[in-house]
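Chemist: Please read through the structure below; I'll follow up with questions.
What follows draws every value from the coordinates through simple rules; no lab data is involved. These numbers were taken from a predicted model, which means no experiment stands behind them. Quick reminder, even Gly has a Cβ in these numbers, built from the backbone with ideal geometry, and neighbours come from all protein chains shown.
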Amino acid sequence: MTAISVDSPEDSRKLRASQGYSYTFLSDPKAEVIRRYGVLHAGAGEEGRDIARPAEFLVDSTGAIRWVNLTDDLRIRARPENVLKAIDSLMPAQTSVR
């Protein structure tokens, strides 16, 4: 899991420490990657700064986006069982060898 934010690495480090997150945070201060993923929330940050809209993506090993969860509320995240269902749906059907 990786998070991408317009926040500075220092701000992200503080957030990770305060919330106990153990995954990687990447800094995208110009929102270049955020724009490419289509999740820019223009002017929604402090002092009208652009920020990333809350979103979760499942990206396969080729870089293809296979599943997306978008929300306008930071408190709403995909439930783990929904993410697992999305992963399961991407797995090839198991064949039984007897």
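Chemist: Mean separation of Cα pairs under 8 Å and 6+ residues apart, divided by the residue count of the stretch 2-90: what relative contact order is that in percent?
Modeler: Working: 112 pairs, mean separation 17.1, N = 89.
Relative contact order here is 19 percent.
Chemist: Moving on. Under a Cβ-only charge scheme (Lys and Arg +1, Asp and Glu -1), can you give me the dipole magnitude of the stretch 2-90 about the Cα centre, in debye to the nearest 20?
Modeler: Details: 13 positive and 14 negative charges, 33 e Å.
My answer is approximately 160 debye.
Chemist: Right, something else. Give the longest segment of the chain that steers clear of chymotrypsin sites (Phe, Trp or Tyr not before Pro) in DSSP loops with at most 14 neighbouring Cβ atoms within 10 Å, not counting the sites themselves.
Modeler: On the way: sites that count: 21, 23.
Here the longest run is 24-98.
Chemist: For the chain, take the longest principal axis of its alpha carbons; what is the angle in degrees between that and the long axis of helix 9-19, to the nearest 10 within 0 to 90?
Modeler: It is inclined by approximately 60 degrees.
Chemist: Report for the chain the percent antiparallel among DSSP-assigned beta bridges with both residues inside it, nearest 5. Kindly include the intermediate steps, with their values, before the conclusion.
Modeler: Details: 7 of 11 bridges.
Percent antiparallel among DSSP bridges in the chain is about 65.
Chemist: Further, regarding this structure: Taking the stretch 1-64, which trypsin sites (Lys or Arg not before Pro) meet the DSSP loop condition and have no more than 10 other C-beta atoms within 10 Å?
Modeler: Numbers: sites: 13, 14, 16, 30, 35, 36, 49; in loops: 30, 49.
Within the stretch 1-64, the qualifying trypsin sites (Lys or Arg not before Pro) (loop, at most 10 other Cβ atoms within 10 Å) are 30.
Chemist: Right, something else. Between residue 90 and residue 15, how high is the FRET efficiency from 1/(1 + (r/R0)^6) when r is the Cβ-Cβ distance and R₀ = 35 Å? Nearest 0.05.
Modeler: Working: r = 30 Å, r/R0 = 0.86.
Here the calculated transfer efficiency is 0.70.
Chemist: Okay, next question. Quote to one decimal, in nm, the extra length available between residue 3 and residue 66 on full extension: 0.36 nm per residue of separation minus the C-alpha distance between them. Walk me through the intermediate numbers first.
Modeler: Details: separation 63, 0.36 × 63 = 22.68 nm, distance 1.71 nm.
Result: 21.0 nm gained on full extension.
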